[in-house]
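Chemist: Mind having a look at this structure? Questions to follow.
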Amino acid sequence: MTIWAIVPAAGIGLRLGSTIPKQYLPLSGKPVLQHSLERLAALAGVDAIVVPVHPDDRWHQQLAVAGTALEFIAGGEERQHSVLNALLHIAARAAPEDWVLVHDAVRPCVRVADMERLLQSVANHECGGLLGAPVVSTLKRVDGNGVVLETLDRKNCWQAYTPQVFRYGLLRQALEQAVVNAVAVTDEASALEMAGYNPLLVEGDHLNIKITHESDLRLAAMILQQQDEHDGSA
């Protein structure tokens, strides 16, 4: 089974009051993105990791993962454009049935065991699937002023995580269609859904957090330390 990994990292917006993009912020002695790449590299069967970056990105040169080829390419305006650029980059090498695993640059705490279970779960699925977790908090729908309009039933609601893994041919076709139709998709699963497919949700660790706020960095550091203290838990 051939697996291609893509980590879109083309954003260079300055977040969290820093002078560098959040994917390069230091986390337990390494850039956030370095941790994410190392988790993917630890997954058996990954042939290469393609990392779309901004043309003005001067930070990616510090990244390296022993034993794994990192292929840096030009990213696009939005996530979907960056992922599509990566798919086109491997077009001559990838077969339609190959798996493409897309992971957020700023999810450094993903567990290898969860990724392995995801791949096992989608092995016979028509298109693929993604990691996620059931919503545990009460959901409220509000108006533009923050006034509560209703309480939503969370029974069948899940938070979508990454990695998300789909067949090369189907993912490329779905993203190309989204770009042609100028439809913004927030993740790869959304593109497949619009193409008429039903991705499989596989439950993963709820500590597979996305670095968005400054407090997330502190939480991620604690998670990584806990994982390091328990060999094999990552």
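Chemist: Name the trypsin sites (Lys or Arg not before Pro) in the stretch 147-225 that are in a loop by DSSP and that have at most 12 other C-beta atoms within 10 Å, would you? Can you show the working numbers first?
Modeler: Values: sites: ARG154, LYS155, ARG167, ARG172, LYS210, ARG218; in loops: ARG154, LYS155, LYS210.
Filter output for the stretch 147-225: LYS155.
Chemist: Grab the other residues whose beta carbon is less than 9 angstrom from that of ALA174, score K and R as +1, D and E as -1, and report the net.
Modeler: On the way: positive: ARG172; negative: GLU176, GLU188, GLU193.
Taking every other residue near ALA174 into account, the sum is -2.
Chemist: How large is the direction-averaged shadow of the alpha-carbon convex hull of the stretch 63-122, in nm²?
Modeler: On the way: hull surface 21.9 nm².
The orientation-averaged projected area of the Cα hull of the stretch 63-122 comes to 5.5 nm².
Chemist: Would you list which lysines come within 16 Å of LYS140, measuring only between C-alpha atoms, while excluding same-chain residues fewer than 8 positions from it?
Modeler: Result set, ordered by chain and number: LYS155.
Chemist: Evaluate E = 1/(1 + (r/R0)^6) for ALA95 and ALA160, where r is the Cβ-Cβ distance and R0 equals 25 Å; express this FRET efficiency to the nearest 0.05. If you can, show how the numbers build up before the last one.
Modeler: Working: r = 27 Å, r/R0 = 1.06.
That gives a FRET efficiency of 0.40.
Chemist: Please arrange ARG111, ARG58 by how many other C-beta atoms lie within 10 Å of their C-beta, fewest to most. Before the final figure, lay out the partial values.
Modeler: On the way: ARG111 19, ARG58 11.
Final ranking by Cβ density, sparse to dense: ARG58, ARG111.
Chemist: Based on DSSP H runs of at least 4 residues, each adding -39500 (n - 2.57), what is the mean residue ellipticity at 222 nm of the chain after dividing by all its residues, to the nearest 500 deg cm²/dmol? Please report the intermediate quantities before stating the final value.
Modeler: Details: 6 runs with 67 residues, N = 234.
Computed ellipticity for the chain at 222 nm equals -8500 deg cm²/dmol.
Chemist: Shifting gears a bit: Give, in nm to one decimal, the length gained when the segment between VAL142 and GLU71 is fully stretched (0.36 nm per residue of separation minus the Cα-Cα distance).
Modeler: Details: separation 71, 0.36 × 71 = 25.56 nm, distance 4.29 nm.
Stretched out fully, the VAL142 to GLU71 stretch lengthens by 21.3 nm.
Chemist: What is the diffusion coefficient of the stretch 91-142 in µm²/s, taking the Kirkwood radius over Cα pairs and the Stokes-Einstein relation at 25 °C with a viscosity of 0.890 mPa s?
Modeler: Numbers: Rh = 13.9 Å.
It comes out at roughly 176 µm²/s.
Chemist: Obtain the radius of gyration and the Kirkwood radius of the stretch 40-143 from its C-alpha atoms and give Rg over Rh. Please report the intermediate quantities before stating the final value.
Modeler: Values: Rg = 16.2 Å, Rh = 16.1 Å.
Ratio of gyration radius to Kirkwood radius for the stretch 40-143: 1.01.
Chemist: Further question on the same structure: Would you kindly work out the equivalent ellipsoid of the chain from its C-alpha gyration tensor and give its semi-axes, the square roots of five times the eigenvalues, largest first in whole Å? Intermediate values should be presented prior to the final figure.
Modeler: Numbers: eigenvalues 121, 111, 78 Å².
Equivalent ellipsoid of the chain: 25, 24, 20 Å, largest first.
Laboratory data are not the source of any read-out in this text; all were calculated from the coordinates shown. In this text, all values refer to a predicted model and were calculated from it rather than measured experimentally. Counting neighbours? That spans all protein chains shown, and the Cβs are built from the backbone with ideal geometry, glycine included.
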